[in-house]
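Structure first, commentary second.
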Amino acid sequence: MRQYLDAKDQHRDSLLLFRMGDFYEIFYDDALVASRALDLTLTSRSKDSNGGGIPMCGVPWHAVDTYIARLVKKGFRVAICDQVEDPRKAKGIVKREVVRVVSPGTLTDANVLDAKLTAVLHGRGQRVTPQRLILHRLLRAGPQHLTAEELLGRSRTQLPNVSLPTVYATLDLFEQLGVVRRVPGTGPAQVYDSRADRHHHLRCVRCGGVTDLEADVDLAAAARAAEAQGFTAEQVEVTVSGVCAACARDSAP
């Protein structure tokens, strides 16, 4: 249960759906809440540290979007913790991460996202394929800044046969369509930004982290705004390169 508890600790304000095989399982107090909200059968598994059964309920993976929509429409915030590596190739416990958080304020939902991308693709004479729709949903679900390799990992459960070159080709197409932006200066592990409007970035040359910088397009103003956020600017172009505050603290004597 360590993976579940770690993920839950990071998303305490959300109901956590945790992928286990063909089901998304829900545990502890979240299970009590979800079982009532979704009219699910409440069971229990193993024992907690006090010897009591751990409340549990679950939904099948292929129908999870339906259950998420029901929870969100009832006012709940939902975090989806998915398998991000192939279970057949995993050494030990399969790696899992929260890949999507959905709330009443952000329920743009798969149908709305699909409709927007479909309109863009049709407008540019491009084919609408399930693969493109799924990759687009995963991009919009967050995190905002990610590499092609990270997107590939998040797509494994829904697109087990997709390849890295295909993901790169799809991202290149999305960039041409204005759906994503490349973050300049991020080197071989190219970072993509699912926020397509023009804005500055802060790129740490030590840890590789990328965050947004809300500032005037004037480069001097961007440098000042970066410094105000504790970012030591070394080079200012469209992207501000330098050292983030966390890396600066770690390297301090």
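The values are calculated or read from the model by the stated rules, or taken from the named source; none is laboratory data. Because the structure is predicted, anything quoted here is derived from the model rather than measured. With ideal geometry, Cβ positions are generated from the backbone for all residues, glycine too; neighbour counts draw on all protein chains shown.
Observations, loosely collected:
- Just one of the listed residues (37, 63) is aliphatic (A, V, I, L, M) and either within 17 Å of the chain's Cα centre (by Cα) or over 21 Å from residue 86 (Cα atoms) (or both), and it is 37.
- Those residues of region 62-91 which are surrounded by fewer than 18 Cβ atoms within 10 Å (Cβ to Cβ), at pLDDT below 85 and of a type outside the set (Val, Ile, Thr), in sequence order: 62, 63, 65, 69, 73, 85, 86, 87, 88, 89, 90, 91
- Counted residues, region 1-39 - those being buried (at least 19 other Cβ atoms within 10 Å of the Cβ) and among the aromatic types (Phe, Trp, Tyr): 4
- Selection status of residue 12, more than 20 Å from residue 156 (Cα to Cα) and either touching a residue at least 60 places away in the same chain (Cβ under 8 Å) or part of a loop (DSSP other than H, G, I, E, B) (or both): yes
- So residue 94, is it closer than 25 Å to residue 179 by Cα, modelled with pLDDT under 85 and out of contact with any Ser or Thr (no Cβ under 6 Å at 6 or more places or on another chain): no
- Cβ-Cβ contacts under 6 Å between residues 6 or more apart (or on different chains), taken from a first residue in region 101-126 that is at pLDDT below 75 to a second residue that is assigned to a loop (DSSP other than H, G, I, E, B), are listed as 104/75.
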